[in-house]
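The values are calculated or read from the model by the stated rules, or taken from the named source; none is laboratory data. Everything numeric here is computed off the predicted structure, so don't read it as measured data. Neighbour counts are summed over all protein chains in view; Cβ atoms, including those assigned to glycine, are modelled from backbone coordinates with ideal geometry.
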């Protein structure tokens, strides 16, 4: 499939998923940008649902950037331990909050490269912040996005998150990227699943999905 055909496929996928999941949004709970930074770090190898429960206790004890920056790493770890990888996540959260406090006046920067400079923040996290907090073009290549993009045929046998992101930027209108990625998460959890056989019989993309042997 050439790039023009992939662009057309992408537009069809976007339109159908909009109808299927009109209210798709980030499944991590947050009301301030710094909280989304914390949650997305905790979400690595952990479910969003569990993160949403754990951060309630974290924010009760440390209600703002300064409080969390001043907290001992060991005390943070005690709270976030249920999310797994507690020590490394606690260290990153502590260092990230210190940098926000010391270099950005406690605010989360709206610049992609500045976000990448924060401890524990990779391209996926930075894109999530850019899209959800600042409403700027973003493509969040999480496991659902990578799996579905390959199955549908938007990318060809790409597993590296950055390579998938770069390939999708070429075929997806910038203003559609962030919401599409949220809808791919919903679709990946409910229909195009990873741990069970995908429910292709009730997939709104079944007739255009390359996994089903559909020819462009």
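Pairs are defined by a Cβ separation below 6 Å, a sequence spacing of at least 6 or placement on different chains, a first member in the range 83-108 that is surrounded by fewer than 15 Cβ atoms within 10 Å (Cβ to Cβ), and a second member that is part of a helix (DSSP H, G or I); the pairs so defined are 87/77; 106/65; 106/100. Residue count for the range 115-124, restricted to those that are surrounded by 15 or more Cβ atoms within 10 Å (Cβ to Cβ) and either part of a helix (DSSP H, G or I) or in contact (Cβ under 8 Å) with a residue 60 or more places away in the chain (or both): 6. Can residue 25 be described as over 18 Å from residue 101 (Cα atoms) and in contact (Cβ under 8 Å) with a residue 60 or more places away in the chain? It is true that residue 25 is over 18 Å from residue 101 (Cα atoms) and in contact (Cβ under 8 Å) with a residue 60 or more places away in the chain.
Identify, please: which residue in the range 1-35 is assigned to a loop (DSSP other than H, G, I, E, B) and surrounded by 17 or more Cβ atoms within 10 Å (Cβ to Cβ) and is, among those, nearest to the chain's Cα centre (by Cα)? So, considering only residues that are assigned to a loop (DSSP other than H, G, I, E, B) and surrounded by 17 or more Cβ atoms within 10 Å (Cβ to Cβ), the one nearest to the chain's Cα centre (by Cα) is 26.
Just wondering, is there one or more residues in the range 163-180 that are modelled with pLDDT of 95 or more, part of a loop (DSSP other than H, G, I, E, B) and within 27 Å of residue 15 (Cβ to Cβ)? Yes: one or more hits.
Tell me, yes or no, whether the range 60-73 has at least one residue that is touching a helix residue (DSSP H, G or I) at 6+ places or on another chain (Cβ under 7 Å), under 18 Å from residue 179 (Cα atoms) and part of a loop (DSSP other than H, G, I, E, B). Checked against the condition, which is being touching a helix residue (DSSP H, G or I) at 6+ places or on another chain (Cβ under 7 Å), under 18 Å from residue 179 (Cα atoms) and part of a loop (DSSP other than H, G, I, E, B), the range 60-73 yields no hits at all. Taken as a whole, the structure leaves residue 82 outside the set of residues that are modelled with pLDDT of 95 or more and either in the same structural domain as residue 188 (by TED's automatic domain parsing) or outside any helix (DSSP H, G or I) (or both).
Taken across the range 36-43, residues that are in a helix (DSSP H, G or I) and either touching a strand residue (DSSP E or B) at 6+ places or on another chain (Cβ under 9 Å) or more than 27 Å from residue 94 (Cα to Cα) (or both) do not occur at all.
Kindly indicate whether residue 185 is under 20 Å from residue 30 (Cβ atoms), modelled with pLDDT of 95 or more and in a helix (DSSP H, G or I). Criteria met by residue 185. None of 76, 93 is assigned by TED's automatic domain parsing to the domain that holds residue 41, closer than 13 Å to residue 37 by Cα, in a helix (DSSP H, G or I) and out of contact with any strand residue (DSSP E or B) (no Cβ under 6 Å at 6 or more places or on another chain) except 93.
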